[in-house]
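Enquirer: Next up is a structure, given as structure tokens.
The values are calculated or read from the model by the stated rules, or taken from the named source; none is laboratory data. Just so we're clear, the structure is a prediction, and the values are computed from it rather than from any experiment. A quick note on method: Cβ atoms are made from the backbone with ideal geometry, for glycine too, and the neighbour counts reach across all protein chains shown.
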Amino acid sequence: MAAKIQWITDELNTLKGQGLYNTIRSLGSPQGAWLVVDGKRVLNFCSNNYLGLANHPRILSAAKAAMEKYGLGPAAVRSIAGTMELHLELERRLAAFKGAQACITFQSGFTANLATIPALVGKEDVIFSDELNHASIIDGCRLSGAKVVRYKHNDVESLRAAIASEKQTGVLSAVEGRRAMIITDGVFSMDGDVAPLPDVLKVAEAEGYILMVDDAHGEGVLGKGGRGIVDHFGLHHKVDVEIGTLSKAFGAVGGCVAGDATVIEWLRQRGRPFLFSSAMTVPDVAACLAAIDLLEESTELVDRLWDNARYFKAEMKTLGFDTGLSATPITPVMLGEAQLAQQFSRALFERGVFAMAIGFPTVPKGKARIRVMISAAHAKDDLDKGLEAFAKVGRELGVTH
């Protein structure tokens, strides 16, 4: 056995030598502004808990009450005996919240992409995909068998050029009934920048192509009261497919697809994770319903999130850090080399700040960073403590002066 897997040992040692080995820490407390990580209480700058809902009392209460009534797991796939009343209620509520005709839920945002892309395009089709799209989009594209054409990040002219090139080769018209789809993230998770969705939509409408946006990091963040990127740009009923996640701002686990009722019905018939994997668990569904209640009642949490993000990013720039092109609460602290990012992360942890280094293959080589995730759960004093730690480590490692 050892000889068969020696190559794995060699690769792991290579990762360690390059500073790319991912040391996974364990948490000993609920998600919040502060965490117990590897037995140490630290300021949490890592999680996607944008609105602080992962440990919100109303969320927990809703999950407990639902389990008392419905039990824990669905015990079957949705298409056989796994669809519960709660699932249908959540899908109705999400569609209304997002201003869409219909919605379908999946086990995660990742599986939502794996379900949707292969159901809408196949091996005779073509996908135009932003070069920085999430791994779940990349994997969904591969599963579809469609030809994938990457265009430069957030560059609509590059998208147009890619389409023109495909037309010149005659590939798009070579097979009758060939379909094309444009796919982009809404908010890009590593850089925090936002897709130019209105301009991408113009291209999709001009060409008659399906437009799909993955709004995982816009859900609960962008738009009125966190309704997402489509609401943010006022593009309701114009974007064909909107992927979302319930695993970040909503504080639970799950994914969703919102859009035209016909598209959603097709996903119920042909979305493989819907057909072949058990549904969201009862407490997660109930938690998401409670999250919608909170977001519909008030914009307070979303407003606090943005206030915190603006304050933190402004102070980081004053300290001399490069925070890239972020236009959202995601704050990348650009450091360049993976080993420096790892060293920076370890030094922050020693000072009581949990902020993980992000390197290749999550981001391109030479673009390693500390990605700070700001939350509505952070108080100003928490942010100031984090800023103080960044200032000290930045000076010690020669990143800032």
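Enquirer: Does Val239 fit the bill of being assigned to a loop (DSSP other than H, G, I, E, B) and closer than 20 Å to Cys141 by Cα?
Expert: Here the answer is yes, as Val239 does meet what is asked.
Enquirer: A further question follows. If we scan the range 52-70, do we find a residue that is out of contact with any strand residue (DSSP E or B) (no Cβ under 9 Å at 6 or more places or on another chain), of a type in the set (A, V, I, L, M), in the same structural domain as Ser189 (by TED's automatic domain parsing) and part of a loop (DSSP other than H, G, I, E, B)?
Expert: No, every residue in the range 52-70 fails to be out of contact with any strand residue (DSSP E or B) (no Cβ under 9 Å at 6 or more places or on another chain), of a type in the set (A, V, I, L, M), in the same structural domain as Ser189 (by TED's automatic domain parsing) and part of a loop (DSSP other than H, G, I, E, B).
Enquirer: Next question. Scan the range 22-41 and report the pairs whose first residue is surrounded by fewer than 11 Cβ atoms within 10 Å (Cβ to Cβ) and whose second residue is of a type in the set (Val, Ile, Thr), with Cβ atoms within less than 8 Å and a gap of 6+ or a chain change.
Expert: Ser26/Val37
Enquirer: Would you please list the contacts, defined by Cβ atoms under 6 Å and residues six or more apart or on different chains, that run from a residue in the range 233-257 that is at positive phi to a residue that is of a type outside the set (A, V, I, L, M, F, W, C) and modelled with pLDDT of 95 or more?
Expert: Gly254/Thr105; Gly254/Asp284
Enquirer: Then there is this: So, in the range 278-319, of the ones that are crowded, with 16+ Cβ neighbours inside 10 Å and among the small types (Gly, Ala, Ser), which residue ends up nearest to Glu89 (Cα to Cα)?
Expert: Per the criteria, the residue is Ala286.
Enquirer: Which one is farthest from Asn133 (Cα to Cα), of the residues in the range 364-374 that are buried (at least 21 other Cβ atoms within 10 Å of the Cβ) and not small (Gly, Ala, Ser)?
Expert: Going through the qualifying residues, I end up with Ile374.
Enquirer: To continue, here is another question. Check the range 253-264 and report whether any residue there is in the same structural domain as Pro283 (by TED's automatic domain parsing), under 23 Å from Pro332 (Cβ atoms) and buried (at least 20 other Cβ atoms within 10 Å of the Cβ).
Expert: No, the range 253-264 has no match at all.
Enquirer: Would you confirm whether any residue within the range 211-228 is more than 26 Å from Arg304 (Cβ to Cβ), without any contact (Cβ under 8 Å) to a residue 60 or more places away in the chain and among the aliphatic types (A, V, I, L, M)?
Expert: yes
Enquirer: Quick one: Ala391 ticks every box in (1) closer than 24 Å to Gln31 by Cβ; (2) aliphatic (A, V, I, L, M); (3) not in a strand (DSSP E or B) bar one, so which box is it?
Expert: (1)
Enquirer: Still on this structure, I have one more. When only residues in the range 99-113 that are surrounded by fewer than 22 Cβ atoms within 10 Å (Cβ to Cβ) and either within 10 Å of Ala258 (Cα to Cα) or not assigned by TED's automatic domain parsing to the domain that holds Gly255 (or both) count, which is farthest from the chain's Cα centre (by Cα)?
Expert: Among those that are surrounded by fewer than 22 Cβ atoms within 10 Å (Cβ to Cβ) and either within 10 Å of Ala258 (Cα to Cα) or not assigned by TED's automatic domain parsing to the domain that holds Gly255 (or both), it is Gln101.
Enquirer: Suppose we filter Ala341, Ala347, Ala376 for residues that are small (Gly, Ala, Ser) and in a loop (DSSP other than H, G, I, E, B); which single one remains?
Expert: Ala376
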